[in-house]
1. Heads up, I need the accessible area for Tyr18: 1.4 angstrom probe, whole protein in place, Å², nearest 10.
2. Choose one of Leu68, Phe47, Asn158: the residue whose Cα lies farthest towards the positive end of the charge dipole of the chain (beta-carbon charges +1 Lys, Arg; -1 Asp, Glu; about the Cα centre).
3. Can you tell me which lysines have their Cα less than 23 Å from the Cα of Lys156? Leave out same-chain residues fewer than eight positions away.
4. In the chain, which cysteines lack any other cysteine Cβ under 4.7 Å from their own?
5. Give the calculated FRET efficiency between Glu185 and Asn111 to the nearest 0.05, with a Förster radius of 30 Å applied to their Cβ-Cβ distance.
6. With +1 on the Cβ of every Lys and Arg and -1 on the Cβ of every Asp and Glu, and nothing else charged, how large is the dipole of the range 165-208 about its Cα centre, in debye rounded to the nearest 20?
7. Apply 1/(1 + (r/R0)^6) to the Cβ-Cβ distance of Asp203 and Asn84, taking R0 = 30 Å, and write down the FRET efficiency to the nearest 0.05.
8. Roughly how tilted is helix 110-120, in degrees to the nearest 10 and between 0 and 90, from the longest Cα axis of the chain?
Amino acid sequence: MLKLAIPKGRLEEKVMTYLKKTGFTFERESSILREGKDIVCFMVRPFDVPTYLVHGVADIGFCGTDVLLEKETSLIQPFFIPTNISRMVLAGPKGKGIPEGEKRIATKFPNVTQRYCETRGWHCRIIPLKGSVELAPIAGLADLIVDITETGRTLKENNLEILDEIFVIRTHVVVNPVSYRTKREEVVSFLEKLQEVIEHDFDEQPRR
Ligand SMILES: Nc1ncnc2c1ncn2[C@@H]1O[C@H](COP(=O)(O)OP(=O)(O)OP(=O)(O)O)[C@@H](O)[C@H]1O
Ligand SMILES: O=P(O)(O)OC[C@H]1O[C@H](OP(=O)(O)OP(=O)(O)O)[C@H](O)[C@@H]1O
């Protein structure tokens, strides 16, 4: 029995489509649980995916680079699944640049931001928020933000500009290292089937 941690939200549909293409069917479905003959899917918040693996209650999960770097977990990352590519960026009010001295930075990703400031040798005051981070400079809560940008629409709508790109965000397949040892055959067989589905999908894509 494989136990998977599936991110609810913008990644959910793509991941569930890949699972069904991999041959899994589900007899019982709810908003938090999908159960089939050889599989159980825990439907969780994206930030919580690594937690289910680290605590050993899930074998495989799917989550973004942002979550993995924010949670600083050491999970096996065999490959990506094709989803929209987004970026973690430093951004601030258009035309104002990066202030001298202490920088107030609002973010959903305090650990990522702390490490980024250390690499820049900056003295920062990090203001953790749960969302709508783009509001912080407008409200005077922060000088800068560290946040995800995909299309750039949110930044543009709030007169913010990218000041630095911190890392590219992909969607990772992640594996619990213990499961990789104790359920090796089942885990490897699933990963191989999933990779075949992804490669077949990719080959089917119309070439631009
Ligand atoms: N525009 C985007 N904003 C946020 N996440 C994005 C975006 N584009 C791609 N992603 C990826 O999708 C993942 C899930 O994002 P989603 O918006 O579904 O949940 P969340 O907002 O991160 O978490 P929650 O809904 O629990 O607050 C992110 O961790 C990131 O890897
Ligand atoms: O570059 P864009 O395509 O505009 O996407 C970036 C926006 O998407 C995410 O917000 P989300 O929609 O997840 O809501 P949130 O602000 O509550 O996190 C992210 O926090 C940015 O605000």
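1. The value for Tyr18 is about 10 Å².
2. So the residue we want is Asn158.
3. Lys94, Lys96, Lys103, Lys108, Lys130
4. Cys41, Cys63
5. Values: r = 35 Å, r/R0 = 1.17.
That gives a FRET efficiency of 0.30.
6. Working: 7 positive and 9 negative charges, 41 e Å.
My answer is approximately 200 debye.
7. Numbers: r = 20 Å, r/R0 = 0.66.
E(calc), rounded to 0.05, equals 0.90.
8. 60 degrees
The values are calculated or read from the model by the stated rules, or taken from the named source; none is laboratory data. Because the structure is predicted, anything quoted here is derived from the model rather than measured. Don't worry about glycine lacking a Cβ; one is built from the backbone with ideal geometry, like all the others, and counts go over all protein chains shown. In case anyone asks, the SASA skips ligands and DNA or RNA and just uses the protein heavy atoms, side chains included. Shrake-Rupley method; radii C 1.70, N 1.55, O 1.52, S 1.80 Å.
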